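Remarks on the structure that follows.
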Protein chains: 4
Amino acid sequence: MSPLNKHQLNLIRDERREQIKQAALKLFARRGYPGTKTSMIAAEAGISEGLIFRYFKSKEELFTTLVQELMEEAEKETENLQYLSGSPYEQIKTLTQGMLDESSKYAFMFILRARKTGEIPEAAARILEQHSVDVVLDRLIPIFVQGQQAGEFSSGDPRKLLAWYFYIINCLILEEVEMEEYGLPDVDFLMRLLTNGKS
Amino acid sequence: MSPLNKHQLNLIRDERREQIKQAALKLFARRGYPGTKTSMIAAEAGISEGLIFRYFKSKEELFTTLVQELMEEAEKETENLQYLSGSPYEQIKTLTQGMLDESSKYAFMFILRARKTGEIPEAAARILEQHSVDVVLDRLIPIFVQGQQAGEFSSGDPRKLLAWYFYIINCLILEEVEMEEYGLPDVDFLMRLLTNGKS
Amino acid sequence: MSPLNKHQLNLIRDERREQIKQAALKLFARRGYPGTKTSMIAAEAGISEGLIFRYFKSKEELFTTLVQELMEEAEKETENLQYLSGSPYEQIKTLTQGMLDESSKYAFMFILRARKTGEIPEAAARILEQHSVDVVLDRLIPIFVQGQQAGEFSSGDPRKLLAWYFYIINCLILEEVEMEEYGLPDVDFLMRLLTNGKS
Amino acid sequence: MSPLNKHQLNLIRDERREQIKQAALKLFARRGYPGTKTSMIAAEAGISEGLIFRYFKSKEELFTTLVQELMEEAEKETENLQYLSGSPYEQIKTLTQGMLDESSKYAFMFILRARKTGEIPEAAARILEQHSVDVVLDRLIPIFVQGQQAGEFSSGDPRKLLAWYFYIINCLILEEVEMEEYGLPDVDFLMRLLTNGKS
DNA sequence: CATGAATGAGTCTTCATTCAT
DNA sequence: CATGAATGAAGACTCATTCAT
C-alpha cells in the first residue's frame, strides 16, 4: 500500500540523519553550540527546520550524538597512531598533515571548540571528560625522543615541546581563516618549531 | 547647591563607563558579539543590566565604541613600531611578547575576533575596513630582511614567512586557552618558526 | 542653623509642587498618562527626575491629584454658568470661547483625554465617574431653548444639538493641532452649527 | 510531496498577514505607535506575539507597511474625487459621509494620528511627507465655489472654510468616541458649517 | 515522511522608582 | 531640599520546539 517499503524507508532515514549530522558538524565546528541556530542547520542540510526534530529529539541530542560518535572515531584513530611509518620527522609530519586536512577538518574543529567553550550540553561535557587528550601525546613522545636522538628534533623536554606544538596546530585548526595571500602555513614551516631548522 | 559637584559626578560617570567597557571588552573578546549577553556584561562589571544603557545607547553602540577606540590606539601603536630597538630578532621578539602579554591580550583578541566573525554591527565593520592589517606587516619586512642578512632569520619570502608567523601568533591570542601543564608556548619557541634554529 | 526657616521652606515646597503639576498637566493633556514619561515631566518642569517623587508618591498619585483638583475647579465653574450674560447666542459663544482659550486649554484637554482613554489609574477613573458631564449640558438647555424661541438657534432637539456641538468643541480642544494656514476655526464659524446661518 | 501545496500555504500566509495588519491598523489608529504594544496586536489578532515577527520584521516595519499601503490607496481615492456626482452640496456630503463611515474609519484615523504625532518611525514619516493633504482640498475648491454661486454654501474664502470644515471632520474621526446618547453628529448637522442654514 | 506555521521561554531595552551623596 | 546614578519589572524581539496538514 505504502509506496515505499520498510527497507527503503530505513535508507531514507539513515541518509537524512547523516545529512543533518554533516550540516550540524560543520556549523557547530565553526560557530559553537549556542552560535548555531537550528534554522542554520536546516538550511545547510537543505531540509525544513522541523525535520531535524524527527531525527533528533533536540538540538542538544544532536550535538551530543556528534560528540559521542566523533570521540569513538577518535579513539580508533588513536589506536592507529602506532602504524605510522617513516622517520620520526615524517611520522609527525604525516600526523600533522592529517589533522590539517580538509577531510577531517570539521571533526577536529568540532571537538576542539567543544572542549574550549564551556557552552555545551552537560551530557556532551561528560563524554568529553572521559577522553583525555594526553593519550595521544604520550604515544608520540617515544617517536619524538627517537627523532631527538637522530638529530631531527631539537633538544628539550619532549612532552613540553610536543604539547606546545600541538597546541599551535589545534589553534590553526580552530581558526581556519583562509589567509588570502598565502593560505595556511605549510607543514614544513610548522615543523620548524620542533627541528633545529637545519633540515 | 548640588550635593555632588559636577566634577565628582563626571568622575563617577567616567569610572562606570570604563568599568563597563572593560567588562564588555573581555567578554566580546572571548565570546564574540552575539555570544555576549548584556546580562553577562552587567554581571562581569558588577552592575545591573539596565545601567549599561545609561552609558551606552545599545549593545551595538558599546561594541562599536570599543572597536573605534581600540583601532585608534592600534594606529598609535603602529607608529611606535619604528622605535623598536635591538637586533632584528630582538625586535620581533619584543613585538611578539607585547602581543601575547596579559595587559593587551583582550584588546588584540577583541579586534581579531571582530575581524574574523562577520557577526558584528555594520558600523563596527566599516571602521574595521578602514584599518588595514597589512600596514604592520609592511613595517616589519625591512627589519626581517635585515635579520635574514645577519643570518638570524631563515631565508625565504619575508612577507610570506612573517604573514604565517603572525597568523599563528594571532591564533594563539584568539584561543587563549590556559594550557594547564606548560602554559602558553614561550616566545623563543615560537620564534623558531623564523630562525634557523641555530641560536 | 538651617539657612531657610520653616516658612520659606513651605513656600519653596508649594512652588515646586505647582511647577511639577503645571508641567505634568501640559504633558498628560497632550500625551495621555502612559505616553508621558516622568523624565519628560522633570524636563518640562526644569527639575531633576528624582525630585518629582519627593512631592508626589508616584506618577499615579501626581495624575490622580491633577484629576481631583481639576474636577473640583470644574465643579465651581459649572456653578458660574448661571452668571453668563447677554443673548443666548452670546452666552454660548462666550462659553465656547472660554473653552478654546489658551489659558484653560490644558485643563480641558487633560480631563477630556483622561475620560476618553481608559488608560488612567483606577483611582483617577473613579473620580471621573463621580462627575457627570451632563450637568453642564442640562444647564445650557434652557439658554438654548430661549435662543431657539428668539430665532437665534435652529430648531431641533436642544439636547441633541448641544451634545453634538460640544462634542465637536471637545474634539477641537483635544486635537489642538496648529493649522498652519488658518489657525483654529473661529467661534462664529463653529456657532453656525447651532444657528440658521442667517446672522 | 509536501502536505500543503504552495498555493494553500500562500493563502494562509496572506490571510495571516492581513489579519495582523487589520489588528494593527485598529490599534495604531486608536493608540498611536508607541501606545500600541505588540502584545495587544497579537491579542487583537488572536495569535501569539512571536508570530507577528514571522510576518513583519519588526513593529516598525508593520507600521510603515500600513502607512505605505494606506497612502497608496489614498492616492487612488483622491483620483476618484472627480467622479463625485450630484449638486455641490451632495458631493461634499458624500465625501464627508465616506470619511466618517465605519469601513474606512480606521484608515483615516490611522493616517491622521500618524501625521499628528511625531512619534512614528523615520521611514513612515518620510512616506507621509511625500503625500500632501492639500491636494484633496484643491480638488474640492471648484466644487465648493460652484455651490457658493448656486447659493448652497455660505460666502467667504472657500479655501479657509473648507480647511476648517475638514479640520473638524478630521478631529471627529480621530476622536471617535461613541457618544452614548446621540451617536456621532450626522452629516447634515456638520454641513451647516458650510451652508447658510437655509436648507 | 516532510513542511513550515505557530508557540513561549529568554534576550535587549526602557522607564518608574529608590537612594547615596 | 535636590541630584542623578542605580535598580528591576515590563515591552520588543529571537529561536528551539511542536503540530496540523
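The values are calculated or read from the model by the stated rules, or taken from the named source; none is laboratory data. It should be emphasised that the depicted structure is a prediction, and the values quoted were computed from it without experimental measurement. FYI the Cβ positions are ideal-geometry reconstructions off the backbone, even for glycines, and counts take in every protein chain you see. To get the accessible areas, we keep the full protein, side chains included, count just its heavy atoms, and leave off ligands, DNA and RNA. Shrake-Rupley method; radii C 1.70, N 1.55, O 1.52, S 1.80 Å.
Counting only other chains, and only Cβ atoms inside 10 Å, what mean value do you get across the residues of A:150-163?
2
List the pair-distance distribution P(r) of the range D:1-111, using every Cα-Cα distance, as the percent of pairs falling in each 5 Å bin from 0 up to the bin containing the longest distance, rounded to whole percents.
Final binned percentages: 2, 11, 18, 18, 15, 12, 10, 8, 5, 2, 1, 0, 0.
The range A:97-199: which trypsin sites (Lys or Arg not before Pro) are DSSP loop and have at most 15 other beta-carbon atoms within 10 angstrom?
Passing both the DSSP loop test and the Cβ count: A:Lys198.
Quantify, in whole percent, the carbon and sulfur part of the accessible surface of chain A (1.4 Å probe; protein heavy atoms only).
Percent of accessible area from carbon and sulfur atoms in chain A: 51.
If you put +1 on each Lys and Arg Cβ and -1 on each Asp and Glu Cβ, how big is the dipole of the protein assembly as shown around its Cα centre, in Debye rounded to 20?
That gives a dipole near 740 debye.
Hey, what did chain C get for relative contact order, percent, Cα under 8 Å, at least 6 apart?
This gives 23 percent for chain C.
Mind scanning C:Lys37/D:Lys37; A:Lys21/A:Lys105; B:Lys37/D:Lys59; D:Lys37/D:Lys57 and naming the pairs with a C-alpha gap bigger than 19 Å?
B:Lys37/D:Lys59
Distances from D:Gly156 to the same position in the other copies: list them in nm, one decimal, shortest first, using label points 7 Å from Cα along Cα→Cβ.
Ordered by distance, the counterparts are at 1.7, 9.2, 9.7 nm.
Per the Kirkwood definition applied to all pairs of different Cα atoms, how many angstroms is the hydrodynamic radius of the protein assembly as shown?
For the protein assembly as shown, inverting the mean 1/r across all distinct Cα pairs yields 34.1 Å.
Can you tell me the relative contact order of the range B:114-198? Whole percent, Cα pairs under 8 Å, sequence separation 6 or more.
Relative contact order here is 28 percent.
Please give the per residue accessible area of the range D:59-191, computed with a probe of 1.4 Å over protein heavy atoms only, in Å².
Accessible surface, normalised per residue, equals 48 Å².
To the nearest hundred square angstrom, how large is the accessible surface buried between D and C, total for both chains, probe 1.4 angstrom?
3200
Please compute, for peptide A:182-189, the average count of beta-carbon atoms on other protein chains lying within 10 Å of each residue's beta-carbon.
4
Would you jot down the residues in the range D:7-50 that end up with at least 20 Å² less accessible area in the complete protein assembly than in the chain alone, with a 1.4 Å probe?
Those are D:Arg31, which lose 20 Å² or more relative to the chain on its own.
Quote the charge dipole size of the range B:33-78 about the Cα centre in Debye, to the nearest 20; the model charges only the Cβ of Lys and Arg (+1) and of Asp and Glu (-1).
Dipole size: approximately 320 debye.
Which whole-number percentage describes the relative contact order of the range B:67-151, with Cα contacts under 8 Å and a sequence gap of 6 or more?
Result for the range B:67-151 is 49 percent.
Quick one: length gained pulling B:Glu61 to B:Lys160 fully straight, 0.36 nm per residue minus the C-alpha distance?
32.0 nm
Using modelled backbone amide H atoms (1.01 Å from N, in-plane), which distant-in-sequence or interchain residues come within less than 5 Å of A:Thr195's amide H?
For A:Thr195, whose amide H was placed from the backbone, the distant partners under 5 Å are A:Ser154.
Between C:Gln97 and B:Glu69, how high is the FRET efficiency from 1/(1 + (r/R0)^6) when r is the Cβ-Cβ distance and R₀ = 41 Å? Nearest 0.05.
0.10
Rounded to two decimals, what ratio of Rg to Rh does the range B:83-130 give with C-alpha atoms and a Kirkwood Rh?
1.15
Tell me the Kirkwood hydrodynamic radius of the range A:117-180 in angstroms, computed as one over the mean inverse distance between distinct C-alpha pairs.
Final number for the Kirkwood radius of the range A:117-180 is 14.1 Å.
Of the options D:Leu70, C:Ala43, B:Pro88, report the single residue whose Cα projects farthest towards the positive end of the charge dipole of the protein assembly as shown (beta-carbon charges: Lys, Arg +1; Asp, Glu -1).
Farthest along the dipole direction, towards plus: C:Ala43.
Please give the calculated 222 nm ellipticity per residue for chain C, where each DSSP H segment of at least 4 residues contributes -39500 (n - 2.57) and the sum is spread over every residue; nearest 500 deg cm²/dmol?
Only helices count here, giving -22500 deg cm²/dmol.
Computed over the Cα atoms of the range B:59-191, what is the convex hull's projected area averaged over all directions, in nm²?
8.8
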